[in-house]
Amino acid sequence: MMAEAIEIYDDRLLAIVRPGASLQELANGAVHSEGPVYFHEDDRVVWSDAHGNRLLRWSPSDNVSVLRDPSDYQSGNYRDLEGRLVACSSGLRAIIRREDNDEWKILVDRYQGKRLNSPNDLVVKSDNTIWFTDPPYGITEPNQGYGGEQEQPGSYVYRFDPATGEIYPVVTDMVRPNGLAFSPDESLLYVSDTAGFNIPGGPHHIRVYEIVSDRHVKNGRVFCVIDPGQPDGFRVDEHGNIFTSSQDSVQVYAPDGTQLGKILIPQTSTNLTFGGKERDRLFITAGHSLYAIDLNTRGVQL
Ligand code: MG
């Protein structure tokens, strides 16, 4: 018997979901939960109360605590190869990193001398470079940043190398790039476009690109269209399956683009991450809450 919170459209999902596993609500009370990242060192999840302008932390022993308040509208969070928290600051319009002395350092906030729009989500590649999206939500949406003028001509996906300071726009043909992830072998880059959120007729899909070099991708195409809602954030498991947020669920797609099914979530999901000691627990930010469900697959991210 499958838990009633799971809809199966393709039998391949049977190998992914765990019979009897149920969705657990771990925390609530956030204004708008986003950007979870897991730290195995002390079994904790850090995530953003993005519209509440706070950074929160959950662990089985301590439950919920406030890590940063205000957080300058921190959005997506990740960890670098040294285990440091790196994040998108929608308010500071920058990529920031929590240093060992607990201070936050701005790593990059400009491209070609002009301010970034408002970095939204990021991933760290195995070479420790940071790839991030830069839609203008921190400028255009009053509860996601401090406003200001847009200085970049578009909304791009950048590759940033913290070792050299080099920043370069890798993807420049999307409307509102938002979430992003690599395939397990890092040959493919998936990027979601959430323009449909506030642009009538705008895309609400995930695109996939073949990575040619540190600066170039090719053959960008639509991988899947998300309905209802938007593919804000998503993650990839060890087999290349995509787990993406949407309005009613976490939707699961095979590497060939087939929708395998849904994990229904009571609130609109925004982002998710794999965690737990075995990396087989999916942590999901949705609405005011943080949820988790155990799976029979493991995430590829750190
Ligand atoms: Mg996002």
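The values are calculated or read from the model by the stated rules, or taken from the named source; none is laboratory data. Everything numeric in this text was worked out from a predicted model, so none of it was measured. Don't worry about glycine lacking a Cβ; one is built from the backbone with ideal geometry, like all the others, and counts go over all protein chains shown. Ligands, DNA and RNA are stripped out before the accessible areas are found, and what is left, the full protein with its side chains, is counted by its heavy atoms. Shrake-Rupley method; radii C 1.70, N 1.55, O 1.52, S 1.80 Å.
Here are the numbers for the structure shown:
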read-out: Among L14, V250, L180 the positive-end extreme of the charge dipole of the stretch 6-294 (Cβ point charges); value: L180
read-out: Selection of GluC sites (Glu not before Pro), the stretch 77-156, meeting DSSP coil and at most 12 other Cβ within 10 Å; value: E82, E99, E103, E149
read-out: 222 nm mean residue ellipticity, helices alone, for the chain (DSSP H n ≥ 4; -39,500 (n - 2.57); rounded to 500); value: 0 deg cm²/dmol
read-out: Accessible carbon and sulfur surface of the stretch 6-294 relative to its total accessible area, %, 1.4 Å; value: 45
read-out: E25-E210 FRET efficiency (beta carbon distance; Förster radius 41 Å; 0.05 resolution); value: 0.60
read-out: Listed residues I130, I199 arranged by accessible area, highest first, probe 1.4 Å; value: I199, I130
read-out: Net dipole in debye of the chain [+1 Lys, Arg Cβ; -1 Asp, Glu Cβ; about Cα centre; nearest 20]; value: 360
read-out: Solvent-accessible heavy-atom area per residue, rounded to whole Å², over the stretch 6-294 at 1.4 Å; value: 38
read-out: Label point distance in nm, E151-S65, each placed 7 Å from Cα along Cα→Cβ; value: 3.7
read-out: Other-chain or far-sequence residues with amide H under 5 Å of L272's (modelled H); value: F234, T285
read-out: Loop-located trypsin sites (Lys or Arg not before Pro) in the stretch 211-268, at most 16 other Cβ atoms within 10 Å (DSSP); value: R215
read-out: Label-point separation in nm, R18 to D294, each point 7 Å along Cα→Cβ; value: 0.3
read-out: Pairwise FRET efficiency - K105 versus V175, Cβ, R0 = 41 Å, nearest 0.05; value: 0.85
read-out: Estimated vicinal HN-Hα couplings, Hz - the stretch 191-203 in sequence order (Karplus 6.51, -1.76, 1.60; Gly, Pro = x); value: 9, 8, 10, 10, 4, x, 4, 9, 10, x, x, x, x
read-out: Cleavage-rule hits, GluC sites (Glu not before Pro), the stretch 1-57, DSSP coil, Cβ neighbours within 10 Å at most 10; value: E4, E41
read-out: Segment T258-K125, extension gain: residue separation times 0.36 nm, minus the distance between their alpha carbons; value: 45.3 nm
read-out: Ratio of Rg to Rh over the chain (Cα coordinates, Kirkwood Rh, two decimals); value: 0.93
